[in-house]
């Protein structure tokens, strides 16, 4: 008898959860319609094109996510001077064009490489200039000592660092700074924040010859 009672209560609970989910879904669909979102059925019927549907959904997403929809890359580039990535368009021209190993790529590929690389560098800039992103407990960010990554000299690594008593890579020095002046917790080597910081610091020294070990 007790087992049957538990089964009945469980079934009732599941039914209630299903009702709540169904009501939420219907509300969401109604909101989409009110916002002008077209249905898949309308696309199939030819009343609206697929691009129109995609644009409408994107507009709705931007309304629901105003912060995330901002062009954060452009905003960060306006706030801080960031070196641009290399122009690889030459790979599609002249002797390196048709028939070359790079000949299979397109202008879209070149643009993708550039944009994705720049995004990582810009993300590094955002972290570099943010005490919060660095996890500082004393409101200190990297740019307070190194404006726009000045005097970081990534081209000189690896080199012996006296304060560590060993040969260090750039990431080792970044973690030393995070743990000491910044007063935060070190990042793992494959942490996205560490990768972005390394990318930004290297990018800011664009054109500087490598000279490892230099002090």
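To the nearest µm²/s, what D does Stokes-Einstein give for segment 114-215 at 10 °C and 1.306 mPa s, using the Kirkwood radius over alpha carbon pairs as Rh?
Translational D for this selection: 116 µm²/s.
Using Cα-Cα distances under 8 Å and only pairs 6 or more residues apart, what relative contact order does segment 102-212 have, in percent?
With pairs under 8 Å counted, the relative contact order is 35 percent.
Can you give the Rg/Rh ratio of segment 168-215, where Rg is from the C-alpha atoms and Rh is the Kirkwood radius?
Looking at segment 168-215, the ratio lands at 1.00.
Using 0.36 nm times the number of residues separating residue 206 and residue 180, minus their current alpha carbon distance, what extension gain do you get?
Gain in length upon complete extension: 6.6 nm.
Got a sec? How would 195, 126 order by Cβ neighbour count within 10 Å, fewest to most? Walk me through the intermediate numbers first.
Details: 195 16, 126 19.
Exposure proxy ranking, most exposed first: 195, 126.
Any read-out appearing in this document is the output of simple, stated calculations on the displayed coordinates, not a laboratory observation. Being a predicted model, the structure only gives us computed values, none of them experimental. All Cβ positions, even for glycine, are placed from backbone atoms using ideal geometry, and neighbour counts span all protein chains on display.
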